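Engineer: Have a look at the structure that comes next, please.
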4 protein chains.
Amino acid sequence: MANKKELRIGLIGCGFMGRTHSNAYNRIRNFFPELAYIPVLKAACARNEERVKAFAEQWNYESYETDWKKLIERDDIDAIDICTPNDTHAEIAIAAAQAGKMVLTEKPLARNVEEARKMVDAVEKAKVANTVWYNYRRIPAVSLAKQIIDSGKLGKIFHYRANFLQDWTISADLPQGGEGLWRMDANVAGSGVTGDLLAHCIDTAIWLNGSIKDVNAVTETFVKERMHQLTGKVEKVGIDDACIFHCHFANGSLGLFESTRYARGHKALYTFEINGEHASIKWDLHDLNRLEYFDHSDESRVRGWRSIHVTDGDQPYMDHWWVPGLGIGYEHSFIHQAADFLKSLETGEPCSPTFRDAFETQQVCEAVLESAASGSWKEIE
Amino acid sequence: MANKKELRIGLIGCGFMGRTHSNAYNRIRNFFPELAYIPVLKAACARNEERVKAFAEQWNYESYETDWKKLIERDDIDAIDICTPNDTHAEIAIAAAQAGKMVLTEKPLARNVEEARKMVDAVEKAKVANTVWYNYRRIPAVSLAKQIIDSGKLGKIFHYRANFLQDWTISADLPQGGEGLWRMDANVAGSGVTGDLLAHCIDTAIWLNGSIKDVNAVTETFVKERMHQLTGKVEKVGIDDACIFHCHFANGSLGLFESTRYARGHKALYTFEINGEHASIKWDLHDLNRLEYFDHSDESRVRGWRSIHVTDGDQPYMDHWWVPGLGIGYEHSFIHQAADFLKSLETGEPCSPTFRDAFETQQVCEAVLESAASGSWKEIE
Amino acid sequence: MANKKELRIGLIGCGFMGRTHSNAYNRIRNFFPELAYIPVLKAACARNEERVKAFAEQWNYESYETDWKKLIERDDIDAIDICTPNDTHAEIAIAAAQAGKMVLTEKPLARNVEEARKMVDAVEKAKVANTVWYNYRRIPAVSLAKQIIDSGKLGKIFHYRANFLQDWTISADLPQGGEGLWRMDANVAGSGVTGDLLAHCIDTAIWLNGSIKDVNAVTETFVKERMHQLTGKVEKVGIDDACIFHCHFANGSLGLFESTRYARGHKALYTFEINGEHASIKWDLHDLNRLEYFDHSDESRVRGWRSIHVTDGDQPYMDHWWVPGLGIGYEHSFIHQAADFLKSLETGEPCSPTFRDAFETQQVCEAVLESAASGSWKEIE
Amino acid sequence: MANKKELRIGLIGCGFMGRTHSNAYNRIRNFFPELAYIPVLKAACARNEERVKAFAEQWNYESYETDWKKLIERDDIDAIDICTPNDTHAEIAIAAAQAGKMVLTEKPLARNVEEARKMVDAVEKAKVANTVWYNYRRIPAVSLAKQIIDSGKLGKIFHYRANFLQDWTISADLPQGGEGLWRMDANVAGSGVTGDLLAHCIDTAIWLNGSIKDVNAVTETFVKERMHQLTGKVEKVGIDDACIFHCHFANGSLGLFESTRYARGHKALYTFEINGEHASIKWDLHDLNRLEYFDHSDESRVRGWRSIHVTDGDQPYMDHWWVPGLGIGYEHSFIHQAADFLKSLETGEPCSPTFRDAFETQQVCEAVLESAASGSWKEIE
């Protein structure tokens, strides 16, 4: 693609998110041919050489590294994409920014506000393009929700509610920590469902409904002790298994958020609903191609929730895919974010959510955990 | 209720339909107090004295009879309501009409066109008010469908499809005929699913979409022999277990109908859908308070099937019930028809479907069975 | 019905609830003929003579009264049914109990714990049968949920969540207080959505999941001032328009409750979900005949939420109604409670929820309001 | 990928299906790394050089051709994939087979049985691997349906019904034929909805439920004349806009099929349902990750349709994708077929549906059109 500018990527981390990001880069050429930039997969990086080598081959990377510091030092790389566990985000991102690389980081931005603040400072000081992969914004139905809200159809907002329900940690026999289970280890993940799942809900909420002023939360750890894979010992569980909070948004609406990994029957049920004076919206990750929309201005006798199958060319991103009625999947949200990041290099506009945008989500997450610990309202600074 | 005119009812048949009709009469006073006429339950009639006595007491009838001819002779009765098996409809209805009684008959009108024609002649000659209990027309969501169609919102109609799926006769151990099972006996019922279930679908279809011109059908009897309760012998089954037909409506649309008692998982799934140039409608008896409506004139990005919860006061019949959001049930369709029959006595307008209206449905049913027998198209005369 | 024992009813209040209760009594004879007791509608009572006279005629009451104290004095009455606004419950109930009458009260039991305590004391001292019309317990799908939970299928419970969403007070032009609008007047109603809607959610929750230990709530009044119908002046609104709380149940599960009258698109969306170790349950008032059930013990490849159409004869109450697949409505929950109250007179067992049961709900409601006021956790005493 | 065997592909046709197939080949490396064969995209072919050049670049083809005969002559190509309009399938496929190439053809196999027969003969004579892209078989939920049926869970089958409803040709202003509209031209497409949409339904049906014995059909062309893009004149429309048929399957079950492009509100609603003695299955393309399953052996009180979210690793193909709960899309069905074709080269087993399998579907399609023309039953030879 001779006439394209190259964005040379170095990706760190070969797990679940390494796969979703790598897939996204590989799809750009096929589905977003109009972009001026094309990603070039220069190198994948992970500590286990055998694994990273196979990963690089599977995902069309030109080379691989086993030390992320070396990756950052390479001259042939423009952007570092961080897909490693949360405890490494800050160190890598700051080093990458200092080396003048663009930085893309899997969410959450960091384990806590302190780390996150340093990361924001680093990318802003270095003036490097940056984004955080809160991918659900780019599900077409969610993007359509944003368009509807921004058009003013909802009027004054009264309520925002979201939950993210899973059931994969119910068994007390599931170990904590270690290979494939770092999300169970508070030291690595920073928190449990709050950083893993509620962070998504909060990011979407702030995007759709504006800032959160204060929160009042409760958390619970249902299984108090689990065997730790790394130590082989039964240890106290440090993460939150479930977290609920209510809050005030700056626009005067009430918010309600819940997340758990103990909701039997729900694999990854991220839902949100927003109720306005004139209209309401609902969405559900298990039926991700649909948006539910209620418009009170419809004639009363035939008024009802509309089930919008968001697969038409005039709906967000869908002109890049198939024909009306044919749905897309989870992975496409990452492709859309990759495309938007590339587009942002053309336009010079930031690709939201930037580190700074994601910092606000991090503040809310931290306030939620503090509120739960203290049993009282906590303001977002 | 001193200022009310009385409609003195004699009801024949104490089975399932005897109950639904009796309940309807009992509810009028409570829910339709504005009507000029009030039903007075003069007598219930059935051959088994013990049973009819208990039935009369349970349903507030003033008296009972064990011989329907005696009931018809009584001077204190204005209207005969026929809830007996199909093989008795014609004889009773004709005798009642000849005695100058109004006649209400449970559907189907008769076992066949020949009987039905005599019944129409009898009530028209006697000039007595008459109606057939095709109750589903008066489910509020179905009545709303009629209003929407009549308003012209759908434009030219292309398709009408309906099915009525049950699963209660799958077991080969179920006997045919006899107590509670007369619908399995072709001599008594006239036919199987065609007269029992498709008759409902056809009545609604003609009401919503106009006359049917011709039909092409297939029937099937999956269990060929069953023990007959009355003879105690294993006998050939005479009814159609399933029936499918396609057809042309007079308005140029294509129709598709299916009914069966062998659709595992569906208890009483009556559904219909009508597709027009500008809008479409769907309905489903298992969620009877909802109407699905798609309006192509909605803005394209936010267009979708609307799930209308038909429980508001400006929707058909619902000003007689509770508050928005609170659903009603199957039995209410009969109450609405009873109310409409009483109202028709005030206005002098017929209460549809009249015997003549139901005759058309009978013609279609017969054409369907003939088409299935001959394997060829059959026109409705 | 010579062989029946009579329960002679005096009903106070001719509004929405007066209608639902009156309908319930009228249906018993038809649908619960096996009961030893039959309700006899002796007298309806309301201040407006014209209205109560018409109401009495409409609902088959033998007589009417315009002074509830007179009603209570009558010797021909066994039970007083209170369907008046909340501010009168305590006085009437206590007087009725002291007069030796059984007492049935529409929910909530009272405006506050203080009133409620006196009411419990009164009926317990007088040893009169009593019940509170938390009718949703007797929706068959909800009763089935109770059976499933009691059978142990869910195992250890992790989560209970419920909400009750309406949208009828969004318009700022809606007056507060007065005819048909007493639920908007804090003096009459005691509170807004907390006592009106959350009380239902709490009653069901305690029934299904046991006692609530502590709560943490937030309330909001979106429209701060409204014209008061009685004074004709614009006055400060005293009720809560919306209320959210999280809580701990005694069994260790987390609870989450929300109610509002500002959820555009929802007329009366009462939903609850309960997640257990082995199974989960969901229910929704807008599709009241269905129960959603997830059973983790199903074979994994074909595991999914089951949509149970609760209309079969082996499901709660449904042997009293029609045939499988044919749904019932909102009003039937009251008929079931009336039947259960009559049955309780035969068995001598209390008819839940008794005043004492409902007192616990009142305690939670009050704790919720106190928590919202203080912004902190509140324990249930 | 040094240790992989190459399957060198030449693809003809750069339209919608050219894109779905090209995407499929590009994804194999990423998502099916375990396969012994890897597709190598040697050349894309189309008449318009500018377009095919861009297509080749977009989809990673090494080269392009503008004459399919040249493509077939090339020595560096193992398999020809035909994505051109239907009127070219036979000529290309036969030539490719005669040249010893494997042949993959987009569905339907041909315009008619005569063409199809020659194609089958050609590939069988040449003994070349072949398959037809009836992609819906490889939607995981549809593949799961096949597994469930093959396991015997359904028992004796009574009913199979399917429909494929679209609404994109309602406007009478839509031209026929020409660029992007060849499906509207009977000469090119062979037929209208029968070959385009019902062919899918029939392929799935035969796969799931066995052979069809005879059919009875009706077709309709709602818009009789349309402007032809190529001639610029208003011409008679030759295709069927809608087609309905009922049929007998060899296993004794009744079938019912409907397709139309005039069902307002449905973009691409392919649904099927199969009712067996013990269980039933439903599926719907608009919610393609779900399978509805009813198992009568469930305990009766908690029996209901299960909504299976087919996204777990033990469900067909899903171990190649993400984590439970995260859905995939339409395009993945093509990826799965490409993977299965590659696998078939390893195992030596044919990749169904082969040309011979698809020939049976072609026979049914032709019988359907003949039945509609004659108005009588037509047996499948």
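The values are calculated or read from the model by the stated rules, or taken from the named source; none is laboratory data. Small disclaimer: the values here were computed from a predicted structure and weren't measured. Ideal geometry is used to build each Cβ from the backbone, glycine not excepted, and the neighbour counts take in all protein chains shown. Just so you know, the surface numbers come from the protein's heavy atoms only, side chains and all, with ligands and any DNA or RNA stripped out. Shrake-Rupley method; radii C 1.70, N 1.55, O 1.52, S 1.80 Å.
Engineer: If the label for D:Glu62 sits 7 angstrom from Cα along the Cα-to-Cβ line, what are its distances to the same label in every other copy, in nm to one decimal, shortest first?
Structural biologist: Spelled out, the distances from D:Glu62's label point are 2.1, 9.8, 10.0 nm.
Engineer: Another question, if that's okay. Taking the DSSP beta bridges in the protein assembly as shown as the whole, what percent of them are antiparallel, to the nearest 5?
Structural biologist: Expressed as a percentage, antiparallel bridges in the protein assembly as shown total about 60.
Engineer: With no solvent and one equal point scatterer per Cα, compute the Debye intensity ratio I(q)/I(0) for the stretch B:280-381 at 0.12, 0.17, 0.20 Å⁻¹ and report its log10, rounded to two decimals.
Structural biologist: Calculated log10 I(q)/I(0) at the listed q: -0.70, -1.00, -1.05.
Engineer: Okay, next question. Can you pull out the buried accessible area for chains C and D, both sides counted, probe 1.4 Å, rounded to the nearest 100 Å²?
Structural biologist: Looking at C and D, the buried total is near 1600 Å².
Engineer: In the stretch A:5-136, how does Rg compare with the Kirkwood Rh, expressed as the Rg/Rh ratio over alpha carbon atoms?
Structural biologist: That ratio is 0.94, to two decimals.
Engineer: Put simply, what bits of the stretch A:157-175 lose 50 Å² or more of accessible area when the other protein chains are there, versus the chain on its own (1.4 Å probe)?
Structural biologist: Residues losing area: A:Phe158, A:His159, A:Arg161.
Engineer: Whenever you get a sec, line up C:Met227, B:Met119, D:Met102 from highest to lowest accessible area (probe 1.4 Å, protein heavy atoms).
Structural biologist: These residues rank, largest area first, as C:Met227, D:Met102, B:Met119.
Engineer: Which one of B:Phe355, B:Ile244, B:Ser297 is farthest out on the positive end of the charge dipole of chain B, using unit charges on Cβ (Lys, Arg +1; Asp, Glu -1) and the Cα centre as origin?
Structural biologist: B:Ser297
Engineer: Okay, next question. Calculate what fraction, in whole %, of the accessible area of the stretch B:5-136 sits on carbon and sulfur atoms when a 1.4 Å probe is rolled over the protein chains.
Structural biologist: 44 percent
Engineer: Right, here's the next one. Assigning unit charges at the beta carbon (Lys, Arg +1; Asp, Glu -1) and nothing else, what dipole magnitude in debye, to the nearest 20, does the protein assembly as shown show about its Cα centre?
Structural biologist: 0 debye
Engineer: Give me the log10 of I(q) over I(0) for the protein assembly as shown at q = 0.06 Å⁻¹, as the Debye formula computes it from C-alpha points; what are the numbers?
Structural biologist: -0.63
Engineer: Within the stretch B:32-138, report the trypsin sites (Lys or Arg not before Pro) that DSSP leaves as loop and that have at most 12 other Cβ atoms within 10 Å.
Structural biologist: B:Lys127
Engineer: Could you tell me which residue in chain A puts its beta carbon nearest the axis mapping A onto D, with the distance rounded to whole Å?
Structural biologist: Residue of A nearest the axis onto D, distance in Å: A:Gly329, 2.
Engineer: Which entries of D:Lys107/D:Lys343; A:Lys267/B:Lys267; B:Lys156/B:Lys213; C:Lys42/C:Lys101; A:Lys101/A:Lys125 show an alpha-carbon separation above 19 angstrom in the structure shown?
Structural biologist: Beyond 19 Å: D:Lys107/D:Lys343; A:Lys267/B:Lys267.
Engineer: Report, ordered by chain and residue number, the lysines lying within cross-link reach of C:Lys153, taken as a straight Cα distance under 18 Å and ignoring same-chain residues fewer than 8 apart.
Structural biologist: Here the lysines satisfying the reach criterion relative to C:Lys153 are C:Lys282.
Engineer: Further question: How fast does chain A diffuse by Stokes-Einstein, in µm²/s, taking the Kirkwood radius from C-alpha pairs at 25 °C and 0.890 mPa s?
Structural biologist: 114 µm²/s
Engineer: Report the charge-dipole magnitude of the stretch A:187-258 in Debye, nearest 20, computed about the Cα centre from +1 at each Lys and Arg Cβ and -1 at each Asp and Glu Cβ.
Structural biologist: 140 debye
Engineer: Given a 1.4 Å probe and the protein chains all in place, what does the accessible area of D:Trp321 round to, in Å² to the nearest 10?
Structural biologist: The accessible area comes out at roughly 0 Å².
Engineer: Run the label-point distances for A:Ser300 please: 7 Å along Cα to Cβ, every other copy, nanometres, shortest first.
Structural biologist: From this label point to the equivalent ones elsewhere in the assembly: 3.3, 4.5, 5.3 nm.
Engineer: Also, I was wondering about something else. How are the C-alpha pair distances of the stretch B:78-118 spread across 10 Å bins, as whole percents from the shortest bin up?
Structural biologist: Going out from 0 Å in 10 Å bins, the stretch B:78-118 shows 34, 59, 7 percent.
Engineer: Which aspartates and glutamates does D:Lys233 reach when only Cα atoms under 17 Å apart count, and residues fewer than 8 places away in its own chain are ignored?
Structural biologist: D:Asp173, D:Glu179, D:Asp185, D:Glu225
Engineer: To the nearest 20 debye, what is the magnitude of the charge dipole of chain B about its Cα centre, counting +1 on the Cβ of each Lys and Arg and -1 on the Cβ of each Asp and Glu?
Structural biologist: 240 debye
Engineer: Taking every DSSP beta bridge that has both residues in chain C, what percent is antiparallel when rounded to the nearest 5?
Structural biologist: 55 percent
Engineer: Related question: Could you tell me which of A:Gly192, A:Tyr64, A:Ile380 has its Cα farthest along the dipole of chain A towards the positive end, charges placed at Cβ (Lys, Arg +1; Asp, Glu -1), taken about the Cα centre?
Structural biologist: Going by the charge dipole, the pick is A:Tyr64.
Engineer: Further question: Starting from the Cα of A:Lys118, draw a straight line to each of the aspartates and glutamates and keep only those under 12 Å, dropping any in the same chain fewer than 8 residues away.
Structural biologist: A:Lys118 reaches A:Glu91.
Engineer: Hey, another quick one. Hey, what number do you get for chain A at 222 nm if only DSSP H runs of n ≥ 4 count, each worth -39500 (n - 2.57), divided across all residues, to the nearest 500?
Structural biologist: Result for chain A: -9500 deg cm²/dmol, rounded to the nearest 500.
Engineer: Classify the stretch A:29-78 as rounded, prolate or oblate from the Cα gyration tensor: take a ≥ b ≥ c as the square roots of its eigenvalues, call it rounded if a/c is under 1.5, otherwise prolate when a/b beats b/c and oblate if not.
Structural biologist: Oblate, because a/c is 1.5 or more while a/b does not exceed b/c.
Engineer: Would you kindly work out, in nm and rounded to one decimal, the distances from the label point of D:Lys233 to those of the same position in each other copy, ordered shortest first, with label points 7 Å along Cα-to-Cβ?
Structural biologist: Output for D:Lys233: 7.1, 8.5, 9.1 nm, nearest copy listed first.
Engineer: Considering just Cα atoms, how many Å³ per residue does the convex hull of the stretch D:119-254 enclose?
Structural biologist: Hull volume over Cα atoms, normalised by residue count, gives 154 Å³.
Engineer: Taking the Cα-to-Cβ direction at B:Ala172 and at A:Glu114 and moving 7 Å from each Cα, how far apart do the two end points lie in nm?
Structural biologist: 7.6 nm
Engineer: Would you be so kind as to identify which of C:Ala126, C:Asn26, C:Cys14 lies farthest towards the positive end of the dipole of the stretch C:5-136, taking Lys and Arg as +1 and Asp and Glu as -1 on Cβ and the Cα centre as origin?
Structural biologist: The one lying farthest along the dipole's positive direction is C:Asn26.
Engineer: For A:Phe158, what residues show an amide H to amide H distance below 5 Å, using hydrogens built from the backbone and excluding near sequence neighbours?
Structural biologist: A:Asn275, A:Gly276, A:Glu277
Engineer: Between the DSSP loop rule and a limit of at most 11 other Cβ atoms within 10 Å, which GluC sites (Glu not before Pro) in the stretch B:167-249 are left?
Structural biologist: Loop-located and lightly packed - B:Glu179.
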